[in-house]
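Accompanying notes for the structure given below.
The values are calculated or read from the model by the stated rules, or taken from the named source; none is laboratory data. Being a predicted model, the structure only gives us computed values, none of them experimental. Neighbour counts are summed over all protein chains in view; Cβ atoms, including those assigned to glycine, are modelled from backbone coordinates with ideal geometry. Accessible surface areas use protein heavy atoms only, side chains included; no ligands, DNA or RNA. Shrake-Rupley method; radii C 1.70, N 1.55, O 1.52, S 1.80 Å.
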Protein chains: 2
Amino acid sequence: MSDHIVLTSHPRGKAGPSSPVSWGAATAAERGPLVAASLSQPALRNAIGTHSGSYSVYRALAVAAGHLQRDHKPDLTDTAPVVTLGPHPQWADPHKIISLDPWGHRVAEYFAEQIAAGLDVRPTIAITKAHINMPELVAAIAAGRLKPDGDILEANGDVRVTKAAIEPVWYLPGVAERFGIKESALRRALFEQTGGMFPELVTRPDLKVFLPPIGGMTLYFFGDVEKLGKPETKVACRLHDECNGSDVFGSDICTCRPYLAHGIEVCIEMAQQGGVGLVVYNRKEGRALGEVTKFLVYNARKRQVGGDRAETYFERTECVAGVQDMRFQELMPDVFHWLGITRIDRWASMSNMKHGALAAQGIEVVERVAIPDALIPADARVEMDAKKAAGYFTEKVPDAAELVVAKGRGLHE
Amino acid sequence: MSDHIVLTSHPRGKAGPSSPVSWGAATAAERGPLVAASLSQPALRNAIGTHSGSYSVYRALAVAAGHLQRDHKPDLTDTAPVVTLGPHPQWADPHKIISLDPWGHRVAEYFAEQIAAGLDVRPTIAITKAHINMPELVAAIAAGRLKPDGDILEANGDVRVTKAAIEPVWYLPGVAERFGIKESALRRALFEQTGGMFPELVTRPDLKVFLPPIGGMTLYFFGDVEKLGKPETKVACRLHDECNGSDVFGSDICTCRPYLAHGIEVCIEMAQQGGVGLVVYNRKEGRALGEVTKFLVYNARKRQVGGDRAETYFERTECVAGVQDMRFQELMPDVFHWLGITRIDRWASMSNMKHGALAAQGIEVVERVAIPDALIPADARVEMDAKKAAGYFTEKVPDAAELVVAKGRGLHE
């Protein structure tokens with residue numbers, strides 16, 4: 001292997017990558033393999049970025065420390081998905097799926113020949129099975145809301161699930177189209193706002209695919225995954241954006257874990273009735289602002305003159321972050337297209353942004369399921385009222401008089 | 001603002017940044033502000049990368065979509081930490097803290113003048129307060145293991161905590177020294193293994209500080225944070241590496257959430273006895289390999305001839321990832337140096353790697369607290385036996401006869 005460091009900032013005097021990607025082609029073979037894994041095959045690369053997202057930084061530490069060969073290629077024996085998933089017609093539409101690789105779970109099969117010949121092609125999706133158990137589900141059984149069936153749900157609260165991990169794969173022309181902006185403007189912002197990550201975003205317009213180093217998503221399926229994509233299959237879904245403080249530690253300033261647990265109940269019920277339940281867990285901590293910003297905002301909310309109240313809830317985030325929210329639900333519907341889902345019968349979310357993004361992509365939502373009032377924690381009333389006033393799904397929008405009342409705890413209570 | 005895109009791949013013909021960083025200086029003023037925020041002040045930058053880690057990609061989307069001004073600067077009013085933390089003598093030792101900014105929580109105060117003059121300096125640490133509530137703690141109260149005191153722990157299971165979010169800030173010469181490698185080798189691996197992220201790693205050796213786009217950590221404090229750093233203060237700690245499948249969903253293939261909940265019990269007890277409890281939650285999903293790799297490995301473990309057993313537990317990870325583990329506990333002790341902790345009285349972890357990393361940094365561990373056997377989930381025996389055989393803290397190392405027995409479930413059970 002050469003000792004020469006190959007920089008990435010200028011085109012190599014070629015017209016383009018030797019194996020261009022035909023995004024939205026009808027088969028994996030026509031689309032072609034995505035090659036992003038390493039700088040050791042620069043002429044063969046057809047994507048910007050690399051696999052495993054930001055964990056590539058740890059891979060770098062492993063190589064630097066001498067624990068990992070710099071050209072290690074994964075042995076994919078026995079790793080294939082445990083269920084058949086797709087193909088669905090949406091996979092061949094370059095406008096429907098632009099932020100994940102629809103063929104990404106079965107690259108070891110589709111591109112076996114190229115991999116055997118030494119090309120470094122890696123899965124961007126993995127699908128396995130698991131048993132999960134959450135105290136809230138045990139409580140739901142005890143309360144008689146959930147009934148064990150010995151198949152999907154055991155009497156001890158164990159739930160049989162299929163689960164999938166998905167890394168983001170962005171087709172840059174498609175992402176730009178989805179936001180209604182120029183591809184060049186998207187590439188420039190991606191370069192500049194990340195502190196100059198990946199100059200190829202601006203120097204290599206011929207490379208159309210980008211594997212951004214952001215967290216991906218995890219899907220939890222309840223019931224028979226292979227029923228998805230059939231028009232008669234009823235689907236329940238909770239689409240959940242990560243909130244570590246609530247999801248893991250049960251912080252009472254928001255409704256995240258309670259709504260997630262409620263969504264899982266809704267999913268189990270749907271599976272028990274012969275449909276499919278689906279939880280989509282997106283790694284978008286703190287509205288994709290990250291936890292440092294989130295905690296700064298908490299302090300500003302609690303300390304402001306007049307106390308923590310719905311009226312100024314979004315304003316405090318905007319002062320620190322410049323925006324109220326950075327999650328951009330525009331890309332979120334892709335996963336439903338990937339699963340062949342055109343209709344969601346029970347949608348456990350009150351977010352108008354999520355709902356609007358689905359509608360814009362032609363995915364029908366039949367019933368919106370609000371979080372039961374009893375599950376809203378003490379300090380989360382400020383957030384709930386603020387969101388309802390801003391367009392959240394609700395039967396009763398709070399009026400101005402309610403929004404000015406400080407309902408949040410003080411910092412030192 | 002200029003329409004010209006400034007690339008980052010070559011030095012600008014200067015001897016170095018206009019405000020070099022004196023890492024390990026005795027005061028924040030002498031160390032100097034870290035300037036990494038934007039490409040709009042290229043001459044003033046003294047760090048590679050940017051704030052908010054990988055969430056900078058979402059910031060880029062916000063700018064590209066026209067929702068955020070490209071030069072937005074945060075308004076830090078009311079965001080300051082809720083407790084006094086440090087300074088501790090360790091902050092002035094450039095060999096002890098190399099992966100976070102010890103002054104990062106109070107930049108708005110230390111560098112008020114520079115910020116007022118327009119310099120974009122941002123906090124890399126935020127500290128707030130919260131109430132948390134986990135069903136396991138409610139169960140511990142019911143079982144009589146935990147006693148509510150109306151201060152730290154309420155009868156309904158609510159726990160008062162202080163919490164901190166910390167973004168990684170790497171001083172590259174220090175990181176290289178910690179791993180015993182050349183700084184140039186570290187920089188090269190970071191560039192190459194990330195698919196060419198940040199050419200400045202190799203073109204700008206004068207920039208010594210790097211904000212890597214990886215997840216940071218969250219600290220949960222139980223008891224009086226301001227007692228930390230005093231030799232008489234007893235400390236209990238659970239150092240936890242993220243495992244979303246268990247931490248949130250309660251997957252039974254590992255001990256992650258049960259050990260975390262147990263660690264929190266240990267921390268609450270310590271706080272009730274007048275000491276301080278600390279949970280460090282590191283965003284290192286799947287041993288810093290990410291969830292796609294983790295799920296691929298699960299499939300390979302369950303499908304291998306002979307079934308899922310401790311004997312081949314690490315091997316299956318190595319086939320796919322090239323290493324058994326990428327967490328690199330070498331950098332982990334920094335947070336204890338930052339908190340002024342030189343002795344941990346109760347350490348709720350069995351990991352020999354974590355224990356060894358603390359010892360190498362001169363941090364004493366008095367008592368190691370194993371997870372109670374009753375808390376180990378059904379399918380997690382394979383992992384537990386494999387780790388004990390490999391050096392995990394235990395009273396009884398499993399013998400070869402035990403390691404060959406398949407104790408894990410099959411994929412379709």
In order through the stretch B:87-96: 3J(HN,Hα) via Karplus (6.51 cos²θ - 1.76 cosθ + 1.60), integer Hz, x for Gly, Pro:
x, 10, x, 4, 5, 9, 10, x, 9, 8
In Å³ and rounded to a whole number, note down the convex hull volume per residue for the Cα atoms of the stretch A:181-259.
196 Å³
Return the average number of partner chain Cβ atoms within 10 angstrom of each residue Cβ along peptide B:129-139.
6
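Probe radius 1.4 Å, ligands and nucleic acids left out: which of B:HIS72, B:HIS95 has the largest accessible area, and how do the rest follow?
On the way: B:HIS72 45, B:HIS95 100 Å².
Accessible-area ranking of B:HIS72, B:HIS95, largest first: B:HIS95, B:HIS72.
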In the protein assembly as shown, what percentage of the DSSP-assigned beta bridges are antiparallel, given to the nearest 5?
60 percent
What one gets for the stretch B:42-101 as the Kirkwood radius, inverse of mean 1/r over different Cα pairs in Å, is 15.2 Å
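Pop the C-beta distance of A:HIS95 and B:THR27 into the FRET formula with R0 = 41 Å and round what comes out to the nearest 0.05.
On the way: r = 56 Å, r/R0 = 1.36.
Here the calculated transfer efficiency is 0.15.
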Determine how large the accessible area of A:MET134 is when every protein chain is in place; take a 1.4 Å probe and give Å² rounded to the nearest 10.
0 Å²
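P(r) tail for the stretch B:103-255, what percent of Cα pairs lie past 21 Å?
Numbers: 7690 of 11628 pairs.
Considering the stretch B:103-255, 66 percent of its Cα-Cα pairs are separated by more than 21 Å.
For the stretch B:340-413, what percent of Cα pairs sit more than 14 Å apart? Before the final figure, lay out each step's value.
Details: 1799 of 2701 pairs.
For the stretch B:340-413, the fraction of Cα-Cα distances above 14 Å is 67 percent.
Given the pairs B:LYS163/B:LYS388; A:LYS182/A:LYS388; A:LYS294/B:LYS129; B:LYS147/B:LYS388; B:LYS182/B:LYS388, which are separated by over 22 angstrom at their Cα positions?
Values: B:LYS163/B:LYS388 32 Å; A:LYS182/A:LYS388 34 Å; A:LYS294/B:LYS129 12 Å; B:LYS147/B:LYS388 32 Å; B:LYS182/B:LYS388 34 Å.
Over 22 Å Cα-Cα: B:LYS163/B:LYS388; A:LYS182/A:LYS388; B:LYS147/B:LYS388; B:LYS182/B:LYS388.
With a 1.4 Å probe, what is the total accessible area buried between chains B and A, in Å² rounded to the nearest 100?
Numbers: alone 19740 and 19740 Å², together 28580 Å².
Summing both chains' loss of accessible area gives about 10900 Å².
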Counting Lys and Arg as +1 and Asp and Glu as -1, each charge on the Cβ, what is the dipole of chain A about the Cα centre in debye, to the nearest 20?
720 debye
Using bins 5 angstrom wide from zero, how does P(r) for the stretch A:258-413 break down, in % of all Cα pairs?
2, 8, 15, 19, 20, 16, 11, 6, 3, 1, 0
The aspartates and glutamates whose Cα lies under 17 Å from the Cα of A:LYS407, excluding any fewer than 8 residues away in the same chain, are A:ASP252, A:ASP308, A:GLU311, A:GLU315, A:ASP373, A:ASP379, A:GLU383, A:ASP385, A:ASP399
Chain B - percent relative contact order, Cα under 8 Å, separation 6 or more:
16 percent
Computed on Cα atoms, the radius of gyration and Dmax of the stretch A:296-376 in angstrom are 16.5, 50
When the charge dipole of the protein assembly as shown is computed with +1 on Lys and Arg Cβ and -1 on Asp and Glu Cβ about the Cα centre, the Cα farthest towards its positive end, among B:HIS95, A:GLY277, B:ALA47, belongs to B:ALA47
What share of Cα pairs, in percent, lie more than 19 angstrom apart in the stretch A:147-216?
50 percent
Applying 1/(1 + (r/R0)^6) with R0 = 25 Å to the Cβ-Cβ distance of A:ALA155 and B:LEU411, what FRET efficiency is obtained, to the nearest 0.05?
0.65
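How large is the dipole of the stretch A:99-176 about the Cα centre if only Lys and Arg carry +1 and Asp and Glu carry -1, each at its Cβ, rounded to the nearest 20 debye? It would help to have the intermediate numbers written out before the result.
Working: 7 positive and 10 negative charges, 39 e Å.
Computed charge dipole of the stretch A:99-176: roughly 180 debye.
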Of B:SER351, B:LEU411, B:VAL397, which is farthest along the charge dipole of the stretch B:306-413 in the positive direction, counting Lys and Arg as +1 and Asp and Glu as -1 at C-beta?
B:SER351
Within 10 Å of each Cβ in A:280-289, how many Cβ atoms from other chains are there, averaged over the peptide?
4
Roughly how much of A:LYS407 is accessible, in Å² to the nearest 10, using a 1.4 Å probe?
80 Å²
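Which peptide among B:218-226, A:114-122, A:153-161, B:192-200 comes first, and what is the full order, when sorted by highest mean count of other Cβ atoms within 10 Å? Please report the intermediate quantities before stating the final value.
Values: B:218-226: 22.2, A:114-122: 16.2, A:153-161: 18.6, B:192-200: 25.8.
My ranking of the peptides, most packed first, is B:192-200, B:218-226, A:153-161, A:114-122.
Take the Cβ-Cβ distance between B:THR84 and A:GLN324 as r, set R0 to 45 Å, and report the resulting FRET efficiency rounded to the nearest 0.05. Working shown, then result.
Working: r = 31 Å, r/R0 = 0.70.
That pair, B:THR84 with A:GLN324, gives E of 0.90.
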For Cα pairs less than 8 Å apart in space and 6+ apart in sequence, what is the mean separation divided by the residue count of the stretch B:117-268, i.e. the relative contact order in percent?
22 percent
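Write down, largest first, the equivalent ellipsoid semi-axes of the stretch B:26-177 in whole Å, where each equals the square root of 5 times an eigenvalue of the alpha-carbon gyration tensor. Kindly include the intermediate steps, with their values, before the conclusion.
Working: eigenvalues 250, 89, 48 Å².
One finds semi-axes of 35, 21, 15 Å for the stretch B:26-177.
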Copies compared at B:ASN156 - label distances in nm, ascending, label defined 7 Å from Cα in the Cβ direction:
3.2
In debye, nearest 20: dipole of the stretch B:271-401 around its Cα centre with unit charges on the Cβ of K, R (+) and D, E (-)?
240 debye
Solvent-accessible area of A:MET353 with every protein chain in place, 1.4 Å probe, in Å² to the nearest 10:
100 Å²
Residues of the stretch B:307-339 with backbone N under 17 Å of the label point set 7 Å from the Cα of B:ALA400 along Cα→Cβ are B:310-313
Write down, largest first, the equivalent ellipsoid semi-axes of the stretch A:247-312 in whole Å, where each equals the square root of 5 times an eigenvalue of the alpha-carbon gyration tensor.
33, 14, 9
Expressed in nm to one decimal, what extension gain is obtained for the pair B:ALA370 and B:ALA390 from 0.36 nm per residue of sequence separation less their Cα-Cα distance?
5.6 nm
Per-copy distances of the B:HIS67 label point, shortest first, in nm (7 angstrom along Cα→Cβ)
3.7
Hydrodynamic radius (Kirkwood) for the protein assembly as shown, which is based on Cα pairs only, to one decimal in Å
27.1 Å
Of the listed peptides B:244-253, B:302-311, what is their order by residue-averaged count of other C-beta atoms within 10 Å, with the highest listed first?
B:244-253, B:302-311
Over the Cα atoms of chain A, how large are the radius of gyration and the largest Cα-Cα distance (Dmax), in Å?
22.8, 70
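Could you state the per residue volume, in Å³, of the convex hull enclosing the Cα atoms of the stretch A:175-317? Mind dumping the intermediate values first?
Values: hull volume 25.5 nm³, N = 143.
Spelled out: Cα convex hull of the stretch A:175-317, divided by residues, is 178 Å³.
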Paired Rg and Dmax values of the stretch A:283-343, which use every Cα atom, in angstrom
15.5, 50
Shielding of A:69-82 by other chains, given as the mean Cβ count within 10 Å, works out to 6
